[in-house]
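As structure tokens, the structure follows; a few thoughts come after it.
Rule-based calculations on the coordinates, nothing more; no lab input. These numbers come from a predicted model, not from an experiment. Note: ideal-geometry Cβ built from the backbone for every residue, glycine included; neighbour counts use all protein chains shown.
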Amino acid sequence: MEREEGEGELDGLHTLAIVLLLFAALKLLYLLGLMDTEDKNDDDLEMTMVIHRPEGLDQLEAQTNFNKKELQVLYRGFKNECPSGVVNEDTFKQIYSQFFPHGDASTYAHYLFNAFDSEHNGSIKFEDFVTALSILLRGSTREKLQWTFNLYDINRDGYINKEEMMDIVRAIYDMMGKYTYPALRTDTPRQHVDAFFQKMDKNKDGVVTLDEFILSCQEDENIMRSLQLFENVI
């Protein structure tokens with residue numbers, strides 16, 4: 001019975017982490033005003049006084065799961081909120097602080113920012129933003145899980161170790177806040193991390209590989225269901 005309860009706690013926390021990741025993408029859409037699909041007849045990407053000019057629509061359409069009309073809507077909101085063409089980490093953290101007033105979202109926002117920052121140069125361009133959204137909202141199950149794995153793989157060595165998972169779990173605790181999600185107060189982050197590894201570390205070598213991560217997530221109905229929640233939101 002204890003093992004079943006532990007597995008249930010793991011499923012709940014890990015599903016929450018997946019949902020938070022996708023919810024994060026949705027929150028960014030709302031913040032940037034991207035849920036408004038009113039057609040303003042923008043036929044091309046245009047920007048003045050910029051630090052970075054994005055790629056053309058045709059190239060982005062070929063590289064993502066968005067059509068040209070959707071890319072115009074996405075770019076319009078991104079340009080309105082980020083006229084320089086890039087988002088830095090401080091701005092990203094300010095975005096998250098607005099949505100989690102009962103907790104501290106800065107650490108989780110830091111990890112998420114690093115996952116969006118594909119070139120690891122300290123800024124998120126429109127191409128980075130729309131490519132990540134394409135995966136999170138419309139990618140295949142494997143693509144979504146691989147992106148999530150990369151978020152958890154903080155040192156980018158191709159494995160998730162217990163220290164990295166502990167950092168992510170603590171960041172989730174801090175972001176949700178003890179009053180926002182009282183159910184999370186009953187167990188320590190270490191217990192959740194141990195349960196995570198008991199389930200996902202298939203060969204018991206102390207690290208979780210991408211294949212182990214994907215296999216374990218695919219075996220979990222709650223996680224699979226959560227991956228479908230935010231498809232086609234624009």
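For the pairs LYS162/LYS202; LYS69/LYS93; LYS93/LYS125; LYS68/LYS93, flag any whose C-alpha to C-alpha distance is greater than 23 Å.
LYS69/LYS93; LYS68/LYS93
Give me the net charge for the shell around ASN150: Cβ to Cβ below 12 angstrom, other residues only, Lys and Arg +1, Asp and Glu -1.
Result for the neighbourhood of ASN150: -3.
Between GLU143 and LEU210, what is the label-to-label distance in nm when each label sits 7 Å out along the Cα-to-Cβ direction?
1.5
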